[in-house]
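Down below is the structure, laid out as structure tokens.
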Amino acid sequence: MGKTRLALAAAAVVEEEFHSGVMFINLAPIRDPGLFEHTLIQTLGLRRFQARPPLERLSRHLADRHILLLLDNFEQVMAASPSVAILLESCPRLHVLLTSREALRLEAEREFPVQPLALPDPEGVSSPVVLARAPAVALFVARARSMQPEFALTRDNGRTVAEICRRLDGLPLAIELAAARVKVLPLQAILTRLSQRLPLLVGGPRDLPGRHQALRSAIAWSEDLLEPEERTVFRRLAVFAGGFTLEAAQAVATADLSADALTVITGLVNKSLLRQEPSKSAEPRFGMLETVREYAWEQLTAAGEADQTRDRHLEYFLGLAERAKGLFNSLQAHNWVAIMEQEYENFRGVLGWASERAYTDPELRMASAICTFWFLRGNVGEGYKWVDAALARSREASPALRAPLLPVASAWTHGDEERAAALAEEGLALARSVGDRETMSRCLQNLGVAHLQKDPPLAKAYLTEGLAHARDADDRNRIGLAVQALAMLAQIEGDLARAARLHGSAEAILESFGLPYSPYSIADQTLLGRSIVAVLRGLGQEAFGAAWAEGRRMPLKVMIDYALGRVAIPVSAPPASAAGKDAGISPLSRRESEVARLVAQGLSNREIAKTLVISERTADAHVQHILNKLGFNSRAQIAAWVAVSQSAATAPAPVPR
């Protein structure tokens with residue numbers, strides 16, 4: 001990380017403030033802490049007091065001297081830290097500037113963590129002037145010029161230089177070694193080869209210590225300082241992508257060791273081979289810089305432990321994903337979505353490994369466990385690729401494992417209604433054969449939706465049966481989606497008050513899973529968006545808001561019975577003259593109208609605040625005022641109101657038939 005260079009630069013700045021000067025002590029060559037005091041004596045040139053213990057000799061020599069000792073690479077002799085404490089206590093004018101991968105934890109110690117060099121802002125990488133202000137880029141340019149004096153940062157090469165620095169995590173040594181390659185490789189060639197960093201980054205200046213000759217050597221030097229079990233855990237942790245928790249480390253890296261995971265992880269953090277990372281839960285989280293992880297992966301492979309470690313990694317994260325899947329219908333759904341978001345790179349790793357090893361059952365189980373997450377995350381495109389590939393490899397798999405993925409593939413097959421229907425039919429048949437009500441519900445819902453417009457009675461049969469199965473399986477997420485589909489069907493059939501109630505009910509259910517009822521702008525041509533707009537246009541603002549709110553207030557059991565047609569809720573239809581008469585009237589202020597239009601475009605309150613250059617709190621207040629004025633309770637209603645208001649003077653929006 002450049003600690004030595006930084007310390008030398010700092011010492012040079014303050015050297016004149018110390019009457020006895022600055023003394024640099026390089027501890028890299030020694031490993032025995034017992035040699036620390038002798039090294040100081042030798043470096044300081046002490047010749048007297050031979051009969052006294054080394055520490056006493058040092059204390060006597062330094063007692064009255066105003067001096068700065070620069071102790072470099074102290075991690076080599078960490079057990080000698082008590083000697084430093086004694087020297088500081090007995091020598092009041094002594095100062096110590098110490099570099100180490102691990103803190104000494106002394107009372108007098110003040111830590112200054114050395115972080116990677118700052119990287120350029122991704123949004124401003126086109127300007128050479130702006131790029132050159134980023135320390136990582138400045139270092140790359142300086143080292144490149146030392147190798148190739150005519151090298152210059154330009155608009156043409158700026159993005160490439162910035163990406164090279166980003167790929168190298170802002171690590172000074174890595175940047176220097178990469179920049180040294182400009183003499184023989186074009187910048188784009190360097191960037192391309194950084195997918196495998198370590199073989200490229202060799203050949204540093206020969207007057208530097210051997211460990212700086214290659215990035216691998218620099219990391220290996222740190223690894224050599226580890227205890228045997230620390231070294232084992234270090235290389236096994238390379239299997240984690242995007243970080244890990246202590247629980248995960250225990251299951252994957254230390255399960256067969258006597259070492260305590262917390263103790264080993266703490267040691268690796270203290271030695272700067274791991275770093276603590278932000279966590280979305282109360283559980284601490286750790287990770288490696290990617291360059292360090294690549295080195296650790298090489299060691300894992302060389303030790304012949306890669307397959308076994310990846311199998312344990314698969315087992316742990318498959319269990320985590322299935323545990324999360326079982327809680328998506330609980331009050332803990334929000335927490336589990338956050339956890340799965342945090343572990344997503346590990347889930348990807350598991351899917352890749354299962355695919356590579358042809359672990360058919362684990363692959364199907366993992367894809368099935370996280371398909372809801374893909375949906376909640378709004379990443380069904382990637383999810384479909386994984387699901388489709390898993391299904392293609394599992395034609396002979398157990399119906400119980402294959403069936404749940406078929407409705408997922410059916411729902412995510414875009415533009416191919418025939419294939420979507422075939423997948424749903426296959427899934428329904430397999431689910432019926434094993435009594436899987438949840439999958440039956442999903443397949444029936446899919447079949448009810450690819451038929452909403454072309455055969456409403458058949459769609460109703462599919463959707464009501466699907467809702468009944470979702471109710472029996474207590475799959476509330478699926479209940480919400482089934483009710484949403486039935487709301488669209490009610491609008492197509494012309495029962496607008498029923499449609500508004502069902503939309504309101506579905507919104508309330510889906511909100512409990514962190515799923516907003518997606519807002520739709522006037523340009524949005526999706527079936528759901530058109531349905532909501534048509535209901536608002538037909539009922540008018542007042543009746544629309546009242547029916548929607550009534551649906552939101554329905555208890556779950558009542559709402560299901562209502563959606564299934566088992567109970568009827570009498571409605572006083574608005575006078576014919578009132579229907580739609582208030583759709584084009586705006587009770588909003590100019591600023592509120594601006595906010596409403598941004599809501600209709602799908603922007604969050606934070607994004608609205610940024611767009612209008614106002615505080616997020618002000619944006620929150622504007623949205624709440626809009627809801628209050630219109631008598632609405634959701635962003636989807638605001639979006640529909642905007643669509644109707646903006647189109648009041650034009651031809652009506654298309655209504656599904």
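A compact table of results
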item	result
Shape category assigned to region 3-98 from the gyration tensor of Cα positions, a/c cut at 1.5	oblate
Rounded, prolate or oblate (a/c below 1.5 giving rounded, otherwise prolate when a/b exceeds b/c) for region 417-499 by Cα gyration tensor	oblate
Partners for LYS454 among aspartates and glutamates (Cα-Cα distance below 15 Å; same-chain residues under 8 apart left out)	GLU417, GLU418, GLU493
Spin-label proximity, VAL13 to region 96-123 - amide N less than 18 Å from point 7 Å beyond Cα toward beta carbon	96-100, 110-118
Within region 384-408, backbone nitrogen closer than 18 Å to the virtual label 7 Å beyond the Cα of GLU425 toward Cβ	403, 406-408
Residue exposure sequence - ARG65, ARG5 - by fewest surrounding Cβ within 10 Å	ARG5, ARG65
Table column - 3J(HN,Hα) (Hz), region 82-88, Karplus curve with 6.51, -1.76, 1.60, x for Gly and Pro	x, 5, 5, 4, 5, 4, 5
Lysines whose Cα lies under 17 Å from that of LYS271, excluding same-chain neighbours fewer than 8 positions away	LYS3
For the chain, share of DSSP beta bridges that run antiparallel, in % to the nearest 5	40 percent
Signed unit charges on C-beta, dipole axis of the chain, positive-most listed residue GLN342, ASN26, ALA118	ALA118
Cross-link partners of LYS325 among lysines (Cα-Cα below 24 Å; sequence separation of 8 or more within a chain)	LYS280, LYS385, LYS557
Length added when fully stretched, LEU257-SER398, from 0.36 nm per residue minus Cα-Cα	47.2 nm
Residue order, fewest to most beta carbons within 10 Å, for ILE67, ILE614	ILE614, ILE67
Helix-only [θ]222 nm of the chain, DSSP H runs n ≥ 4, -39500 (n - 2.57) each, per residue, nearest 500	-18000 deg cm²/dmol
Footprinting exposure proxy for ARG235, ARG312 (fewest neighbouring C-beta atoms within 10 Å first)	ARG312, ARG235
Cα shape, region 368-451, gyration tensor, a/c 1.5 rule	rounded
Size of the chain as Cα extents on the principal axes (Å, biggest first)	108, 60, 50
Extension gain, ASP156 back to LEU327 (0.36 nm per residue minus Cα-Cα distance, nm)	56.5 nm
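Taken together, the values in this text are just the output of simple stated rules run on the coordinates, not laboratory data. Everything numeric in this text was worked out from a predicted model, so none of it was measured. Glycine gets a Cβ as well: all are built from the backbone with ideal geometry, and neighbour counts include every protein chain shown.
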